[in-house]
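Shown next, in structure tokens, is the structure this report addresses.
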Amino acid sequence: MNLLYWSLGFFLSISSTTYAAAPKETATPEPCTIRSPHTGSFFDLNPLHIPDPRTVKSKNARDYSWNATGWDMGYNFTMNFCGGVVERLEDFGGVEGVDKDLWRNVSAYYRQGGKVYSIGQQNTSPVIRGRKMVMNYTNGSPCPEPRKRAYLGDELDTREIVGDDKDDDESDRPKVPGRTKTTIISMLCDRDPLMPQLTLSFIASPDECTYFFEARSSAACAGIQQSTQTLSPSGVFGVIMMIAIIVYVVGGCVYSRMVLNQRGWRQLPNYSLWAGIFGFFKDIVIIATSSCARFMPSRRGYSRVNGDIGGMGSGRSGRDSESANRLIDELNEDWDDEF
């Protein structure tokens, strides 16, 4: 009965240790990932991230970010996902209205008039709005004062001229205090294998302070979240084997005790088999120790007296030593006969 209790106690201790060692699931999602609260779909935008080529060991690492044509804006846009752009903005003279310590965190920008304007700092938290996934970049360069838009009824000479340096140069226009440039990217799923990894399109900017983009990519499609594996394949195999051994021992003990009415060590499953294996190894150990004992000096009986002790090997001392040796031999023979 004690053996059964020991087996059950060992099984419970292993189970509690396994459950205690299991990592607790956290509600904090991984960067650039989100799960839809409506459908439960999982989205991961990390494949769109372009790492810094200075930190990548690959020889053919990409050294430029994603680009989008600005069309009638007069400039193009450069951006990255899940991190800052890979271009060194300090080589362009820095970013207007952004602290130097934050230049590495700029995720979207454009160049105009030899200056760099940020349209948002990096963000790793996409947002689900209805059935749309949106990525927001905020805290860019300060917004300029809105231009006066022309209407169809205005005179042609009062309208703004596209390409006019005075209107396009934001450095000559007053800044709106407190407002900074912002980017909104609508992420759309595109599973076409013939399409590039990302198709980024500029949509509009009504006030040159908020910029709207549309991004089509397979990374914006719903997928399956890959859980982090805490055990290696050998560890998983070891856990399975340990559980199988515990079930074998506990189940065999219960069967032997309840059905076969066995007690003590005979409760173990296949007791005769394990006893035979144990006896075999026991015999091997005995044979090995006996073989080693033969090479050790014997301490049984007496040693033969050397007739040349002290250099006195002649005369009467020699005869006495021979008599002593014969006596010792007779005593040894009598000792062997008795045992």
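Since every read-out is calculated from the coordinates, none of them should be taken as a lab result. Here the structure is a predicted model, which is why all the values come from computation and not from measurement. Please note: Cβ atoms are built from the backbone with ideal geometry, for glycine as well, and neighbour counts cover all protein chains shown.
General observations
- Peptide packing for 259-272, 75-88, 41-54 was compared via the average number of neighbouring C-beta atoms within 10 Å per residue; ordered from the highest value, the list is 75-88, 41-54, 259-272.
- Modelled FRET efficiency - R0 41 Å, Gln225 with Phe281, Cβ distances, 0.05 increments: 0.25
- Region 191-205 and region 55-99: distance between their alpha carbon centers, rounded to Å: 17
- Packing rank of 127-133, 217-223, where each peptide gets the mean count of other beta carbons within 10 Å, highest leading: 217-223, 127-133
- Stokes-Einstein translational diffusion, region 178-291 - Kirkwood Rh over all Cα pairs, 0.890 mPa s, 25 °C, in µm²/s: 112
- Protection proxy ranking of 64-71, 283-290, 322-329 - average other beta-carbon atoms within 10 Å, highest first: 64-71, 322-329, 283-290
- With each label modelled as a point 7 angstrom along the Cα→C-beta vector, the Trp265-Leu194 pair spans 7.6 nm.
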